[in-house]
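My questions will all concern the structure given below.
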Amino acid sequence: MKKQAYDEDAAEKLLPLLVSIGREIKNRMRAVDALEKELGERQRGDDNTELVARLAIEKRELRTTLTELERLGCELDADHPLRILIPGLNGPMAFEGSLEKTMFRFRPSVEEKT
């Protein structure tokens, strides 16, 4: 499959969707962390069935959201997990934050660093 690449205008039009996806990813990651912490603090004899089920649902929904991001050709930045990388014509563009403060930064590709 051909990899999607966006020019700055197309990337700008994609931003409202990316903001929504980014917000959901952040909320799901926080929920997973909180549920895992709560599960770790529970006593061995406690009934954890409901907690384990909620954790499984959050993880599944997080994977679904990440798949949606991948379908757009975008990915989370490994160095900054709440930053979304948009494949650009001149290299990946990094997006993070709210729409009011949108700035694209071009990141050098891995090949250029070596």
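Just the residues that are assigned to a helix (DSSP H, G or I) and surrounded by 12 or more Cβ atoms within 10 Å (Cβ to Cβ), please, taken from the stretch 40-51.
Listed by number, the list holds a single entry, 51.
Could you check the stretch 40-73 and list, in sequence order, the residues that are touching a Leu at 6+ places or on another chain (Cβ under 8 Å), closer than 14 Å to residue 24 by Cβ and either among the aliphatic types (A, V, I, L, M) or in contact (Cβ under 8 Å) with a residue 60 or more places away in the chain (or both)?
66, 69, 72
Something else about it: Which residue, of 9, 77, 33, is touching a strand residue (DSSP E or B) at 6+ places or on another chain (Cβ under 7 Å), at pLDDT 85 or above and charged (D, E, K, R)?
Among 9, 77, 33, only 77 is touching a strand residue (DSSP E or B) at 6+ places or on another chain (Cβ under 7 Å), at pLDDT 85 or above and charged (D, E, K, R).
Test of understanding: among 18, 72, 62, which residue is farther than 17 Å from residue 95 by Cβ, crowded, with 16+ Cβ neighbours inside 10 Å and not acidic (Asp, Glu)?
62
Would you confirm, using the coordinates I've provided, whether residue 30 is basic (Lys, Arg) and exposed (fewer than 13 other Cβ atoms within 10 Å of the Cβ)?
Criteria met by residue 30.
Looking at 37, 13 in this structure, which one is within 17 Å of residue 86 (Cβ to Cβ) and surrounded by fewer than 16 Cβ atoms within 10 Å (Cβ to Cβ)?
13
Still on this model: Could you list, in sequence order, the residues of the stretch 80-96 that are within 12 Å of the chain's Cα centre (by Cα) and outside any strand (DSSP E or B)?
Scanning the stretch 80-96 gives 80, 81, 82, 83, 96.
Continuing with this model, one more query. Residue 23: closer than 26 Å to residue 71 by Cβ, surrounded by fewer than 14 Cβ atoms within 10 Å (Cβ to Cβ), out of contact with any Leu (no Cβ under 8 Å at 6 or more places or on another chain) and modelled with pLDDT of 90 or more, yes or no?
Against the criterion (closer than 26 Å to residue 71 by Cβ, surrounded by fewer than 14 Cβ atoms within 10 Å (Cβ to Cβ), out of contact with any Leu (no Cβ under 8 Å at 6 or more places or on another chain) and modelled with pLDDT of 90 or more), residue 23 does not qualify.
The values are calculated or read from the model by the stated rules, or taken from the named source; none is laboratory data. Every value quoted in this text rests on a predicted model; they were computed, and no experiment measured them. With ideal geometry, Cβ positions are generated from the backbone for all residues, glycine too; neighbour counts draw on all protein chains shown.
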